[in-house]
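Here's the structure we're looking at; comments come further down.
What follows draws every value from the coordinates through simple rules; no lab data is involved. All of these numbers come straight from a predicted model, not from anything done at the bench. FYI the Cβ positions are ideal-geometry reconstructions off the backbone, even for glycines, and counts take in every protein chain you see.
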Amino acid sequence: MTKNIIDAGLVEQHNAKQRAELQADYDALGGMLSRRGVDIEALTAKAQTFGVAVPSWGAGTGGTRFARFPGKGEPRDVTEKMEDCAVINQLTRATPAVSLHFPWDKPADPKGLREQADSLGLGFDAVNSNTFQDQAGQSATYKFGSLTSTNKASRELAVQHNIDCIELGKTLGSKGLTVWVGDGANFPGQSNLRGALERYIDSARGIYAALPDDWQMYIEHKLFEPAFYCSVIADWGTSFAVAQTLGDKAKCLVDLGHHAPNTNIEMIVARLAQFGKLGGFHFNDSKYGDDDLDSGSIDPFQLFLIFNELADSQARDGAAFNPSYMLDQSHNVTDPIESLMSSAVEVQRAFVQAALVDRTALVGFQESNDVLQAAQTLKKAFRTDVSPILAMARLRSGGAIDPVGAYRAAGYREQVAVKRPPKAGASGSGIV
Ligand code: RM4
Ligand code: MN
Ligand code: MN
């Protein structure tokens, strides 16, 4: 039996107040969709299959280079982060897995952590390594790079850390390792551009060799930051070349905030999918750079277009096409639980809207070069308010019709604020 962190009766009470209204909205939408030849029940069932992993590091308040303004009742260790992640899943039923970051969330008792996750009905998606910070007492520094450092001891340390992450991940039941490095240069001439990538590939081979057969290694690229002149794994081309070089278990991870403004991310998605190298996503949104804003908060149309490509690939490749969905956000001015719940719903919304695209009509318009109608076909799906489908999917899966409303009514934040007084050396979060 899955343990509920929020009393199920409270959620039920909250739902009861909104059930009739939801049913009316659902019926109205169902009628409208049926005139379009779409079965609302099939869409709701599809919405219920959706899952996106929550980043453990997103459960605490983030910050900027200037300051961090911690919220009340922040989780102080990985066990408390798991409780918050369980709340998110209990109310949204769309976040069945957690993605952990090491050493920030390194458990003292990995088996115990897995048991806690099991009891909360949670699993683990990819584990993330951290070689962009030195840890206290570390034997070699990452100041001038980790997997690509010119210093052999730093490279070896970084490789070993990734191998340790795999080992820990095995105990937890994870099946993937995400590797993002901040390596790069701040000055022209600081680093040999080709030499740095050669060292990266050499180090990555050492990590890849430790990967179990049923695991994937996700290579995450990022245009800039912390390196401001050039990053070693700056773009999807580099990450694709690395993944090709390493082998079948290596794939590319697309973090939505890691591109130059105006980059056509959906096209990157289509390219990676076409060549079997789309490993997964870090969903978030941005206006300027790696802003780590809530998914769908700035450009929901882009999120929809990405899911439109995913739906197209799914139609072409079937079950073999199965990228990992993860959130990677920083919550600086909102309650992280509320942001993560809303974001999971926004990603799920794009998933359902993409399923609404009339693909036969779209292909017809593309073939006949009816540009306007092709564009309108996508817009028609995007403009459809699928909120009643999402709410019904949650209700049927045992979640809340209105996750944020139910969360506030349950008073969870106030309760943990009492139970979790701030403590020195609490595990890291929010540096995203
Ligand atoms: C990076 C990148 C990684 C994340 C770190 C904290 O910008 O997005 O995925 O693990 O931030
Ligand atoms: Mn990321
Ligand atoms: Mn990032």
message: Test of understanding: extend the Cα→C-beta vector of Arg194 to 7 Å, then name every residue of segment 216-241 with backbone N under 20 Å from that spot.
response: 230-235, 237-241
query: So how much slack lies between Thr64 and Lys175, counting 0.36 nm per residue of separation and subtracting their Cα-Cα distance, in nm?
result: 36.8 nm
query: Once both labels are modelled 7 Å past Cα along the beta-carbon direction, what's the Ala153-Ala424 spacing in nm?
result: 2.9 nm
query: In nm, to one decimal, how far is the modelled label at Ala45 from the one at Thr360, with both set 7 Å along Cα→Cβ?
result: 1.9 nm
- line: Projected onto the charge dipole of the chain (unit charges on the beta-carbon of Lys, Arg, Asp and Glu, signs +1, +1, -1, -1), the Cα from Phe187, Pro403, Leu310 with the largest positive-side position is that of Phe187
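Efficiency by 1/(1 + (r/R0)^6): what FRET value for Ala315 and Arg396, r their Cβ-Cβ distance, R0 = 25 Å, to the nearest 0.05?
0.50
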- prompt: So which aspartates and glutamates can Lys72 reach, going by Cα to Cα under 18 Å and dropping same-chain residues fewer than 8 places off?
  reply: Glu80, Glu83, Asp84, Asp335, Glu338, Glu414
query: Can you work out the FRET efficiency for the pair Leu372 and Arg19, with r the C-beta to C-beta distance and R0 = 41 Å, to the nearest 0.05?
result: 0.50
- request: Just tell me, in residue order, which DSSP H segments of the chain are both 27 angstrom or longer along the helix axis (alpha-carbon based) and at least -0.5 in mean Kyte-Doolittle hydropathy.
  value: 152-172, 336-355
- prompt: If amide H atoms are built 1.01 Å from N in the plane of the peptide, which residues on other chains or at least 5 residues away come under 5 Å of the amide H of Gly63?
  reply: Val432
field: Hits among aspartates and glutamates - C-alpha to C-alpha of Lys143 under 13 Å, sequence gap 8 or more where chains match
entry: Asp134, Asp183
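Report the net charge of residues surrounding Ala350, where surrounding means a beta-carbon distance below 12 angstrom and charges are Lys +1, Arg +1, Asp -1, Glu -1.
Net charge in that neighbourhood comes out at -4.
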query: Between Thr178 and residues 5 or more places away or on another chain, which pairs have amide H atoms under 5 Å apart, with H built 1.01 Å from N, and which residues are they?
result: Val127, Asn128, Ser129, Tyr218
query: lysines within cross-link reach of Lys249: Cα-Cα under 19 Å, excluding same-chain residues under 8 positions apart?
result: Lys170, Lys175, Lys277
